[in-house]
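The values are calculated or read from the model by the stated rules, or taken from the named source; none is laboratory data. This structure is a prediction, so every number in the text was calculated from the model and none was measured. Neighbour counts are summed over all protein chains in view; Cβ atoms, including those assigned to glycine, are modelled from backbone coordinates with ideal geometry. The area values use the complete protein model at the heavy-atom level, side chains included, leaving out ligands, DNA and RNA. Shrake-Rupley method; radii C 1.70, N 1.55, O 1.52, S 1.80 Å.
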Amino acid sequence: MIALPPPAASRGGTTRHELKRAARRLFAERGIAAVGMREVVEAAGQRNAAAVHYYFGSKDDLLRELLIDGADQIDARRGALIDAAEAKGAAMTLRDLVAATILPGLELSRTTGESETYFRFIVNVQNERRELFRATVPEHSDSYRRYMEHVHALLAPLPGALVKQRILFAGLTGQTLLAAREAALDRSDTGDHHFWSRPEALAGMIDAVEAILANPR
């Protein structure tokens with residue numbers, strides 16, 4: 001009797017998903033260079049030591065796919081929020097734009113696991129493999145370009161170089177806050193947290209990033 005190959009979703013798709021989830025967690029918790037591909041295979045509960053190579057190719061290929069998975073989710077949601085801000089016309093505010101950069105980070109997929117570790121993962125990629133990050137993420141972040149254009153327009157009286165610096169500092173601050181929130185919720189058995197799950201924490205994150213951009217000096 002000839003054995004039929006299993007459906008992709010039942011084996012191949014599941015294995016690929018488990019490898020990505022395990023890899024993202026290891027990279028998030030331990031860094032990029034410290035994690036070997038055999039460790040990813042073991043953490044995913046797989047027996048084939050060549051599983052990562054089979055499904056993704058090289059370690060860099062795996063890193064790129066993990067970056068793109070989250071970047072595409074964020075870009076789609078951020079784009080929708082910027083669309084809504086643009087619909088306000090002249091009433092669009094800096095806070096609208098800041099919210100468009102923070103809220104998507106709170107809405108990453110729980111099903112595929114990005115909500116568990118994505119921001120700590122990208123912080124480590126930026127620290128250790130910045131060129132790979134720069135070569136991968138911008139193509140999947142068109143809405144971020146729109147965000148920057150609007151911020152420059154709203155802060156037009158300020159020198160362009162200063163606005164660019166503030167956008168950089170605001171972005172790093174937002175990313176750090178999202179990573180801290182992610183880590184706290186990840187440690188919680190209930191997926192809830194006494195501070196980070198409160199509406200005041202979200203408002204405070206937006207306040208902090210907005211303040212960096214809007215500083216009058």
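Looking at Arg130, Arg198, Arg146, Arg187 in this structure, which one is surrounded by 15 or more Cβ atoms within 10 Å (Cβ to Cβ) and either among the basic types (Lys, Arg) or at pLDDT below 95 (or both)?
Details: Arg130 fails: surrounded by 15 or more Cβ atoms within 10 Å (Cβ to Cβ); Arg198 fails: surrounded by 15 or more Cβ atoms within 10 Å (Cβ to Cβ); Arg187 fails: surrounded by 15 or more Cβ atoms within 10 Å (Cβ to Cβ).
The conditions single out Arg146.
For segment 201-217, filtered to residues that are within 19 Å of His152 (Cβ to Cβ) and β-branched (Val, Ile, Thr), the residue that is least open to solvent (accessible area, probe 1.4 Å) is Val209. Of the helices (runs of 4 or more DSSP H) lying entirely inside segment 111-197, those containing at least 1 residues that are closer than 16 Å to Ile68 by Cα are 114-128, 130-136, 142-154. Does Arg78 satisfy the criteria of being in contact with a Pro (Cβ under 6 Å, 6 or more places away or on another chain) and either at pLDDT 95 or above or over 16 Å from Gly174 (Cα atoms) (or both)? When the stated conditions are applied, Arg78 passes them.
Name the residue, out of Thr101, Thr14, that is at pLDDT below 95 and assigned to a helix (DSSP H, G or I). Before you say what the answer is, go through the steps one by one.
Details: Thr101 fails: at pLDDT below 95.
Checking each option against the conditions leaves just Thr14.
Residue-by-condition table, conditions (1) more than 29 Å from Ala87 (Cα to Cα); (2) more than 11 Å from the chain's Cα centre (by Cα); (3) in contact (Cβ under 8 Å) with a residue 24 or more places away in the chain:
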site: Glu107; (1), (2), (3): no, no, yes
site: Thr111; (1), (2), (3): yes, yes, no
site: Glu116; (1), (2), (3): yes, no, yes
site: Phe121; (1), (2), (3): yes, no, yes
site: Glu128; (1), (2), (3): yes, yes, yes
site: Thr136; (1), (2), (3): yes, yes, yes
site: Glu139; (1), (2), (3): no, yes, no
site: Tyr144; (1), (2), (3): no, yes, yes
site: Val151; (1), (2), (3): no, yes, yes
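Here Ser115 clears all of (1) touching a helix residue (DSSP H, G or I) at 6+ places or on another chain (Cβ under 7 Å); (2) surrounded by 19 or more Cβ atoms within 10 Å (Cβ to Cβ) except the condition numbered (1).
Has segment 187-194 got at least one residue that is farther than 20 Å from Ala85 by Cβ and within 15 Å of the chain's Cα centre (by Cα)?
Here is the first cut: in segment 187-194, the ones farther than 20 Å from Ala85 by Cβ are 187-194.
Pick out the ones that are also within 15 Å of the chain's Cα centre (by Cα) and you get none.
For segment 187-194, residues farther than 20 Å from Ala85 by Cβ and within 15 Å of the chain's Cα centre (by Cα): absent.
Close Cβ contacts (under 9 Å, 6 or more residues apart or on different chains) running from residues in segment 153-174 that are free of Cβ contacts under 8 Å to residues at least 12 places away in the same chain to residues that are not in a helix (DSSP H, G or I) comprise Leu162/Leu155.
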